[in-house]
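I have placed the structure first, in the form of structure tokens, so that the comments after it can refer back to it.
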């Protein structure tokens, strides 16, 4: 991936990650705040006495007694279910029984789950892009090198790969080395040519084939 494209992809998904984090903060913060409020607030059962419909909104009139007084506030549920005649628990702060709370607005759960999804997707994409880069840099810096022969070229999704082998070292599970996917069309003439492999002696599953070092002619023999 070219640097310009790499940085563009990184910027886009980093922005998505940050937006997701904001959504999580808003949603989860509200849910936690409401939960703490419910744990410490006063509560009473209220009767759903009637419902009013206006512009698609369903406002229920509640009836309850609290702190020696009777209250009949309207509460917007926006629910299709018929609550008339049912009791529902309402919460209020002591000294302000007219200001009630019933449940957290569903949109905050949507914010939370949407934020988690956005953050996870962007984290996976950024990890997929950057982890191989840092692994490759580590292998090049700390590993050893060897020239190995290119045995064949195979077609894969998105391009081609070169398959290499060595009598001295082996790849994952003693299999030949396999390069990363190469998008440009490879010439069959590079078969039997040599290419440099960077590998970690104690962890031979970690290697990097530097396709920019392909050597042609008798250099691989």
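Bear in mind these aren't lab numbers, they're just calculated from the coordinates by the rules spelled out. Just so it is clear, the structure is predicted and the values come from calculations on it, not from any experiment. Backbone-built Cβ (ideal geometry, glycine too); neighbour counts: all protein chains shown.
If I model a spin label at residue 175 and residue 204 as a point 7 Å from the Cα along the Cα→Cβ vector, what separation in nanometres do I get?
Once both label points are built, they end up 1.5 nm from each other.
Could you give log10 I(q)/I(0) at q = 0.13, 0.24 Å⁻¹ for the stretch 3-108, computed by the Debye formula over C-alpha point scatterers of equal weight, without solvent?
-0.62, -1.25
If you count the DSSP beta bridges with both ends in the chain, what percent of them are antiparallel, to the nearest 5?
Bridges in the chain that DSSP calls antiparallel: roughly 100 percent.
How would you order 190-197, 3-10 from highest to lowest mean count of nearby Cβ atoms within 10 Å?
Packing order, densest peptide first, comes out as 190-197, 3-10.
Quick one: Cα centre-to-centre distance for the stretch 91-105 and the stretch 133-164, in angstrom?
A separation of 64 Å, based on Cα centres.
Can you compute the equivalent ellipsoid semi-axes for the stretch 100-198, i.e. the square root of 5 times each eigenvalue of the Cα gyration tensor, sorted largest first and rounded to whole Å?
The three semi-axes for the stretch 100-198 are 46, 16, 10 Å.
Quick one: Debye curve from the C-alpha atoms of the chain, no solvent, what's log10 I(q)/I(0) at q = 0.07 Å⁻¹?
-0.51
Suppose R0 equals 25 Å. What FRET efficiency, 1/(1 + (r/R0)^6) with r the Cβ-Cβ distance, do residue 151 and residue 5 give to the nearest 0.05?
It comes out at approximately 0.20.
Nearest 10 degrees, 0 to 90: what angle lies between the long axis of helix 106-142 and the longest principal axis of the chain (Cα atoms)?
Compared with the principal axis, the helix lies near 20 degrees.
Measure nothing but the geometry: give the 0 to 90° angle between the long axis through the Cα atoms of 3-40 and the longest principal axis through the Cα atoms of the chain, rounded to 10°.
Helix 3-40 and the main axis of the chain meet at about 30 degrees.
Residues of the stretch 83-116 with amide nitrogen under 16 Å from the 7 Å Cα-to-Cβ point of residue 74?
Hits in the stretch 83-116 for residue 74 at 16 Å: 100.
If we sort 33-45, 101-113 on the protection proxy, mean other Cβ atoms within 10 Å, highest first, what's the order?
101-113, 33-45
Using a 7 Å offset from the Cα along the Cα-to-Cβ direction at both residue 94 and residue 134, what is the distance between the two label points in nm, to one decimal?
5.1 nm
Quick one: compute the contact order of the chain, relative version, from alpha carbon pairs under 8 angstrom and 6+ residues apart, as a percent.
This gives 17 percent for the chain.
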